[in-house]
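Asker: I am attaching a structure below and will ask some questions about it afterwards.
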Amino acid sequence: MKRRVLRIAFFAALATVILAVPSVALAFDETTSTIPSISEENCGGCHDPYFSVGSGVHGGYVTTTSKCEECHSVHAAPAAGTMLLPGATITATCNTCHDGTQGGGVYGAIAARGLNVAAKHRTETTSVVPGGDSATGGSKTMVFNGVSGTMTCTDCHSPHGSSIVTGFPGDRVRYSGFGAILPTTKMLKQKPGGTATATANYGSDWCLSCHQGRSSALSAVHNHPAESKATTSVPFTYNRAAISTTDAISSTTTYGAIGGTNRGYLMVYPRTAQQSGHLPICQQCHEDNRYVGDLVGTGTQSDPATWTGSTNDGKTATNNPRFGTFPHETTGYRMLVEATATAYNDDLCLNCHPVSQLP
């Protein structure tokens, strides 16, 4: 009897150890991997090294991996016509990994931190695009990949890493033993929303693929001017724009990426040589909510706010910006960089238009 009790206790303890080991994704190389060793073979199948632009489970398909099985249920799909996905919809499948309701992820991360979502791209809810009509600048109904033609994740993202944009540093911190922002494509399609024209670099032209009525080239539509290929032959992009030289008070700019800094949201007056002849791109007004800093005095100098991103997904309330979930959802009205949850104020406009230069 005593030996039986000992055996039961042993197997119970073994089960506890097994359950305590994090489940390892099937996308590792079965010929070399061992469990629970933490190695490139185990983790790298899904989480590519952050030393390069990686695609994780969404790319790098070779004969020694089982990456397909991560997102496709070959014999047990819940419904017909869902591309053998394990979830009932595309969004449900993506949320298998990217669900933010526990605080770590995309949709749901803001609410999980006790804050309200002020604006978001609604997945599998609507097919109406604000500013999508190039003739009127008003809303337009489009046919997307989601349920009943609604917009879903794969309208903007390519789950297999096919025909995606050039990598760029964003605001969302990712870790690989150290805190860092490294270039990523975010699996963004070159043709979001099924547009006919490919956009290789993330910027205004990428947004205009769907929001065609927001183009500054449309004379019948009055929107704030935004730079795109319609306004200049070589437009600024998220990867390369005129940004303030440093976080210290300065009147000089340099060329750099907007991500990972708050220096790309201020334009001094008179404009610098790098800014001259250029309009702001969409993402200089619409991005993760933050305090970007101010123009100083008559507007001839900028005083950018220090960018901080010590943790991701809003875990640290003092980070600026706190969240890196744009354009999925933000805490700012209409996804504006400086705004409350319900409105923007003059400070947003005065980032580029100093009071001394107002008519």
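Asker: Measure off 7 Å from each Cα along the Cα-to-Cβ vector at Thr246 and Cys97, then give the distance between these two points in nanometres to one decimal.
Answerer: Taking the simple label geometry, Thr246 and Cys97 are separated by 4.1 nm.
Asker: What order do you get for 345-358, 328-341 when each peptide is scored by the mean count of other beta carbon atoms within 10 Å, highest first?
Answerer: 328-341, 345-358
Asker: Send over the per residue convex hull volume for the stretch 228-344, Cα only, as a whole number of Å³.
Answerer: Roughly 112 Å³ of hull volume per residue.
Asker: Got a sec? Which residues in the stretch 219-253 would a label at Ala135 touch, if it sits 7 Å along Cα→Cβ and we count backbone N under 18 Å?
Answerer: Zone members listed by number: 219-222.
Asker: Moving to a separate point now. Using a Förster distance of 30 angstrom, determine the FRET efficiency expected from the C-beta separation of Lys229 and Ala273, and round it to 0.05.
Answerer: 0.85
Asker: Could you work out the relative contact order of the stretch 280-359? I mean the mean sequence separation of Cα pairs under 8 Å and 6+ apart, divided by the number of residues, in percent.
Answerer: Worked out over the stretch 280-359, it gives 33 percent.
Asker: For the stretch 146-160 and the stretch 292-359, what is the separation of their C-alpha centers, rounded to whole Å?
Answerer: 30
Asker: While we're here: Amide H to amide H under 5 Å from Asp294: which residues, 5+ apart in sequence or cross-chain, H placed 1.01 Å off N in plane?
Answerer: For Asp294, whose amide H was placed from the backbone, the distant partners under 5 Å are Asp303, Ala305.
Asker: Also: Could you work out the local net charge near Trp206, counting Lys and Arg as +1, Asp and Glu as -1, over the other residues with Cβ closer than 15 Å to its Cβ?
Answerer: Spelling it out: positives minus negatives among the neighbours equals +2.
Coordinate-derived values only; no laboratory data. Everything quoted here is computed from the prediction, not taken from an experiment. Every residue, glycine among them, receives a Cβ derived from its backbone with ideal geometry; neighbour counts consider all protein chains shown.
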